1. Scan the range 600-619 for residues that are open to solvent by 30 Å² or more (accessible area, probe 1.4 Å), assigned to a helix (DSSP H, G or I) and not acidic (Asp, Glu) and jot them down.
2. Which of the numbered conditions does Thr655 fail, given that it passes all the others? Conditions: (1) assigned to a strand (DSSP E or B); (2) within 32 Å of the chain's Cα centre (by Cα).
3. Examine the range 775-791 for a residue that is open to solvent by less than 40 Å² (accessible area, probe 1.4 Å), modelled with pLDDT of 80 or more and polar (S, T, N, Q), and state whether such a residue exists.
4. So, Ser245, is that one polar (S, T, N, Q), touching a residue at least 40 places away in the same chain (Cβ under 8 Å) and closer than 23 Å to Pro318 by Cβ or not?
5. What are the pairs with Cβ atoms under 7 angstrom where one residue, in the range 323-347, is farther than 16 Å from Ile73 by Cβ and the other, located anywhere, is in a helix (DSSP H, G or I) and among the hydroxyl-bearing types (Ser, Thr, Tyr)? Sequence gap at least six, or different chains.
6. Look at Lys320 and say whether it is loosely packed, with under 15 Cβ neighbours inside 10 Å, basic (Lys, Arg) and in contact (Cβ under 8 Å) with a residue 60 or more places away in the chain.
7. May I ask you to say which residue of Gly319, Gly225 is of a type in the set (Gly, Ala, Ser) and in contact with a Ser or Thr (Cβ under 6 Å, 6 or more places away or on another chain)?
8. What's the number of the only condition in (1) without any contact (Cβ under 8 Å) to a residue 60 or more places away in the chain; (2) loosely packed, with under 14 Cβ neighbours inside 10 Å; (3) of a type in the set (D, E, K, R) that Asp671 fails to meet?
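The values are calculated or read from the model by the stated rules, or taken from the named source; none is laboratory data. Just so it is clear, the model here is predicted, and its values are computed rather than measured. Cβ placement follows ideal geometry from the backbone for every residue including glycine, while neighbour counts extend to all protein chains displayed. The area values use the complete protein model at the heavy-atom level, side chains included, leaving out ligands, DNA and RNA. Shrake-Rupley method; radii C 1.70, N 1.55, O 1.52, S 1.80 Å.
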Amino acid sequence: TTQTQSTTKAKLNYWYQVFNYLRPFALKNYRSNSNHFIMFNNYYKIAWRHILKEKFYSLINILGLGVGLACCIYIAFYINDQLSYDQYHENLDRTYRILQGHKDGEGIATPPSPEEFRVWGNAPIGPALKEEFAEVETFCRFTPAYDKLIEVNDHLYNEEGIVFGDSSAFEVFSWPLLSGNPETALTEPNTIVLSESLAKKYFPDGDALGKSIIYDQNRECIVTGVMKDIPKNSHFTFDGILSMSTFYQQRPTIFEDWGYVDFYTYVLLKENSTIASIKPRINELAAKHTSDWDGYKFYADVEPLDGAYLNSVAARQPGKTGSLSSLIIFSMIGGFILLIACMNFINLSTARSLERAKEIGVRKVVGARQSSLIFQFLSEFSLLALFAGIVALALISLTSPYFESITGLSIVLSDLLTIEFIGAFISLLVILGLLSGSYPAFLLSKYEPAKVLKGNFKTGSKGVSLRKGLVTFQFILTLALIIGTITIYNQLSYLQNHELGFDKEQTLVMEFGFDIQAILNIETIKDEFLKDPDVTAIAASRAVPGKFHPNAGTQIEGPDGTLIPHNPAIYEVDPDFIPLYNIEVVAGRPFSYNFTTDSTEALIVNKAAASLWGYENPEDIIGKRFDQWGKQGVVIGVVDNFNYRSLHSEVEPLTIRYEPFSMAMFSLKLDADNIQSTIMRLEDKWRELIPQRPLVYYFLDDNFDKHYRADRQFAQLFTAFAILAILIAFLGLFGLTTYSTAQRVKEIGIRKVLGASFLSILMLLSKDIAKVILMAFVVAIPLSWFAMQSWIESYAYRAPMSINTYFIAVLSISATALAIVGWHSVRVVILNPVNSLRSE
């Protein structure tokens, strides 16, 4: 009984103690999540201590990944900017632009290729589409942005960014007006809508609405609207719109002429209409209105405004265009850079794993589970990724001015503080930390404590093969990037140094924009400029190489005696033009002031034009009849082909005629050491001779080189990213050599004791790297050759692919690899064998 009472008493006491501990302070002290917090806090403390302990290797890891992230952010911003062109238009999905082309000669029945179409076309096709196609809601036309003389309050401005446009411009495109009525702003003649910046330029002290400007010296126009500046991510590049009805008053006949080209036409489809219903019928419409054309056939097509900046291959664009292939290349480089950085992350982590083997062994002996070790290492890698992200943002803030100087794209702090960017950036860091750290974490957590603590731990062959495979892949990319960089610069150098067929050096161009007073006194003005001691020659023309030029419907007598129609380019010049530019006359004679009929009955063609009309021997076309733009006569000369456009395309057929009343600019050949003082004297002379126009001048070689601006931008970006990718890739080599030398320290110590030389040790350590480079070379050479051949095909004139390019690439990467291996070899050789063999 006593025993029963004692048992009952004990049970009661037990439950008393249980319920006694159900108090607030007891519950507070035993919250389940406190252990998790302590555990994770411990993980990050250990990770931080290990980062501080291994400062050098942690710095390499962080810098490598940070540079890779910075490159990817730059590439992402650049690609996003290029893809954003014209996306601001509300009617983007319903807006299309008309492409126009023609065929003549034997292939007249074959439609032009996409490259043979032009965005620049005639005026009547827009109204015809609206009238005859129910799917078309409205249309809008623009003229090219020719130079225009503007006078405001007795101040003269030569504006390059003013166009004529239809009154439907603000219905088709999303350009909000800050003042004025978008429905009526461009309906009346002699009205103009200014951009916000142009309005402030002309009227800095007040509202521009209702104010007047003088256009073309004698036409008064009223400002009927002020619109926001057109965004930079637009293929339109103008600052003001004169009403199309103003242009109609000046030249009404061209608005009914299907053969006259001077307009960019856009159409807006009605809701729920598709372009597929228009596309098959548009050539029927074109044929209907051009059925009386003799020897020519007119073709038309449409392309969506969405993507026109990147995807259009048509000629005569209204503004700059982008390159989809360049975006693809940059996307691949960005992916490669990030991949290489992650590979280095893995290689450097596993390379240092031996130093942590005993730590892991001890942790496992005292009860650490594999999952806790994995979380510990993932915490460390996530922390490294976070630091790399901070480094990336710091690099962007420091280098963004350089990036802007190349691309024109500014990245400011506000761009990095958007919710979209912060969310994407943090997600990327988390993903990179987990992906990059997964393999090292699982590898390190699988170490066997018994082997590790006995000192005979070795990694498996699979891990070694994986690391070698990663570094081999890095070297493949590195070799390809080096070869690509050299090839790109060779091509650009070839373009800049290639013989153009004319002399563009020391040539100053001064534009007077078809000014009638200058044209009427053109010879007197030329004589006055020639009095300057530094001016050796002067010529007048409508265009110069590299600048805008028209095409002209031209008929020339063929070998069979019939007039054959074609549509070549046309240069209108004076007799001094061909000698000044040192263009070679290969048959016949140039224009001369001694022949009065040269301005009325003479034509000169280039060799490409002579060949087009069937004369492979230039002499045979001399004396043949021609009919061009209302002028009839005979061909008096043939000049050698010269690249009057750019080296992106082959020399096209060109006709040249002497037109005294179609001049717009002077070309002056200078022979001066002090260019600035010469230009100052010429400016004074200009104000004396042509006071009604402000002076606009440029050097021809600088202007001609603008054609290669996009190529240079591509080369600079490609090279910058390629160099960074190469530097990051060499960190991978550093990781592999670090790992291999750490594995073989004791072996090398024994070899030293037995008398091995430094050279033999260097050869031993270099053997694996040499195999990696050789394998990378075998794979990278054909891949890079194919890629570069595809890229270089976009140029009509191509630098030959040289074996030196591959030799330089292999030599540079081999020398760098040898230097890295040599550095590790020196470290191992100078190590005392006693220290390396101490634990044996």
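1. Taking the range 600-619 and keeping what is open to solvent by 30 Å² or more (accessible area, probe 1.4 Å), we get 600-601, 607, 611-612, 614, 616-617, 619.
Add one more test, that the residue is assigned to a helix (DSSP H, G or I), and what stays is 600-601, 607, 611-612, 619.
Answer for the range 600-619, where residues must be open to solvent by 30 Å² or more (accessible area, probe 1.4 Å), assigned to a helix (DSSP H, G or I) and not acidic (Asp, Glu): Thr600, Lys607, Ser611, Leu612.
2. With (1) assigned to a strand (DSSP E or B); (2) within 32 Å of the chain's Cα centre (by Cα) applied to Thr655, the lone miss is (2).
3. So far as the range 775-791 goes, yes, one or more of its residues are open to solvent by less than 40 Å² (accessible area, probe 1.4 Å), modelled with pLDDT of 80 or more and polar (S, T, N, Q).
4. Numbers: polar (S, T, N, Q): yes; touching a residue at least 40 places away in the same chain (Cβ under 8 Å): yes; closer than 23 Å to Pro318 by Cβ: yes.
Yes, satisfied.
5. That search, which allows pairs on different chains as well, returns Phe345/Ser436; Ile346/Ser436; Ile346/Tyr439.
6. Numbers: loosely packed, with under 15 Cβ neighbours inside 10 Å: yes; basic (Lys, Arg): yes; in contact (Cβ under 8 Å) with a residue 60 or more places away in the chain: yes.
Answer is yes for this residue.
7. Working: Gly225 fails: in contact with a Ser or Thr (Cβ under 6 Å, 6 or more places away or on another chain).
Sole residue among the options that is of a type in the set (Gly, Ala, Ser) and in contact with a Ser or Thr (Cβ under 6 Å, 6 or more places away or on another chain): Gly319.
8. (1)
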